[in-house]
Amino acid sequence: MNRKIFIFIPLGSLFFFGIWYICIALDPEPMSPATLLDKYKYDSSTEVQVQLKKDGPRSYLFSYTSFDGEVVNGTINYPSLQAKSYPVFIGIHAMGRSYPRWWGSALKNRPTVDKVAALASQQGYVVIAIDARYHGSRKVRTRPLRSIMNDLHLFGDKSYYEDMIRFTVLDHRVLLDWIENQADLDSDQLTVAGYSMGGQISLLLGAVDKRVDTIVSIVPPFIDDKTALVAPKNITYLLTKQSILLITADDDENASIEENRLLFSSIPAVTKQHITFSNGPILPSNYIESLADWL
């Protein structure tokens with residue numbers, strides 16, 4: 001016997017959803033390449049002063065003042081291998097995380113990026129990581145991350161989210177200014193790698209700053225033109241000479257299989273590779289092995 005199932009939704013809820021969709025929900029707002037690139041410019045004429053504090057046999061805590069006066073905190077770890085000049089690996093953390101995650105242990109038995117940093121260190125890289133805006137040591141009590149995301153998704157205010165991503169990209173550009181002037185750091189061998197939000201930022205940074213040599217973007221979210229300013233797809237056309245590794249999952253609520261393929265195909269670089277794992281957004285621990293040839 002066939003049965004019909006009816007789902008009743010209160011008319012009041014439909015009314016308020018309609019008002020939200022029409023008046024509040026974000027609409028796509030494409031941005032011209034020139035306008036987008038202009039948003040990632042900054043005054044690079046001021047010498048970057050980095051304050052270093054020894055934190056271990058081969059590690060230092062550091063801080064510096066970014067382009068807009070904000071203080072940025074991070075860590076720099078030197079490998080055990082002795083050299084006159086070291087290649088540089090910059091790790092960019094995921095949303096809701098912080099720079100210590102690059103050296104921390106697994107979370108709830110799930111793989112974290114500490115194994116990526118360990119691999120880079122074994123390969124002779126200096127590993128550097130900083131906190132993104134509104135994360136870790138840079139949290140703002142009156143502007144928690146949850147409120148930024150609620151504003152974006154519920155109230156149609158994208159300003160804080162876009163600035164969080166954009167200013168973090170610019171913070172890294174200021175960091176690159178400092179790296180470029182260090183005799184023991186080889187700015188011609190500069191890799192950036194990021195997980196999730198960090199993967200998004202890695203692509204943006206590599207596109208707007210040619211000093212980046214290699215990009216490893218791990219399960220980046222697919223960003224559409226509702227927040228066009230921070231959508232990697234809008235700027236990947238600049239990735240022409242870098243080496244790029246894109247690692248994605250086939251069951252990721254933040255990026256479908258087709259969206260990941262679209263993102264990869266938008267990258268014109270000759271040296272590029274796309275690896276997909278079948279484990280959802282939490283990748284299996286052996287995904288680290290796929291990075292060995294890229295470091």
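Please give the number of the condition Val270 fails out of (1) exposed (fewer than 14 other Cβ atoms within 10 Å of the Cβ); (2) assigned to a strand (DSSP E or B).
(2)
If the Cβ limit is 7 Å and pairs must be 6+ apart or interchain, which residue in segment 32-57 that is under 29 Å from Thr236 (Cα atoms) pairs with which residue that is in a loop (DSSP other than H, G, I, E, B)?
Within 7 Å, the pairs are Leu36/Ile235; Tyr42/Phe67; Asp43/Phe67.
Could you list all residues from segment 259-287 that are over 27 Å from Tyr237 (Cα atoms) and either touching a helix residue (DSSP H, G or I) at 6+ places or on another chain (Cβ under 6 Å) or without any contact (Cβ under 8 Å) to a residue 60 or more places away in the chain (or both)?
Ser278, Asn279, Gly280, Asn286
Can you tell me which residue is surrounded by the fewest Cβ atoms within 10 Å (Cβ to Cβ) among those in segment 45-84 that are small (Gly, Ala, Ser) and modelled with pLDDT of 95 or more? Quick ask: steps written out before the conclusion?
Residues of segment 45-84 that are small (Gly, Ala, Ser), as a first pass: 45, 56, 59, 63, 66, 69, 74, 80, 83.
Subsequent filtering for residues that are modelled with pLDDT of 95 or more retains 59, 63, 66, 69, 74.
Working: Ser59: 15, Ser63: 15, Ser66: 20, Gly69: 6, Gly74: 24.
Restricting to residues being small (Gly, Ala, Ser) and modelled with pLDDT of 95 or more, the top hit is Gly69.
Quick check on segment 23-52: of everything there that is among the acidic types (Asp, Glu) and within 29 Å of Leu154 (Cβ to Cβ), which residue is nearest to the chain's Cα centre (by Cα)?
Of segment 23-52, the ones among the acidic types (Asp, Glu) are 27, 29, 38, 43, 47.
This time we only want the ones that are within 29 Å of Leu154 (Cβ to Cβ), so: 27, 29.
Working: Asp27: 24, Glu29: 22 Å.
The extreme case among them is Glu29.
Considering only segment 244-256, I want to know if a residue exists there that is touching a Gly at 6+ places or on another chain (Cβ under 6 Å) and either surrounded by fewer than 23 Cβ atoms within 10 Å (Cβ to Cβ) or not basic (Lys, Arg) (or both).
Yes, segment 244-256 has at least one match.
Being part of a helix (DSSP H, G or I) and in contact with a strand residue (DSSP E or B) (Cβ under 7 Å, 6 or more places away or on another chain) is the filter here; which residues of segment 177-188 pass it? Spell out the reasoning first.
Applying the first criterion (part of a helix (DSSP H, G or I)) to segment 177-188 yields 177-180.
Hits for segment 177-188 are Trp178, Ile179, Glu180.
Consider Tyr195 against the criteria (1) in contact with a Phe, Trp or Tyr (Cβ under 8 Å, 6 or more places away or on another chain); (2) among the hydroxyl-bearing types (Ser, Thr, Tyr); (3) closer than 15 Å to Gly91 by Cα: it satisfies all of them except one. Which criterion is unmet?
It is condition (1) that Tyr195 fails.
The values are calculated or read from the model by the stated rules, or taken from the named source; none is laboratory data. Quantities reported herein were computed from a predicted structural model and do not represent experimental measurements. Glycine gets a Cβ as well: all are built from the backbone with ideal geometry, and neighbour counts include every protein chain shown.
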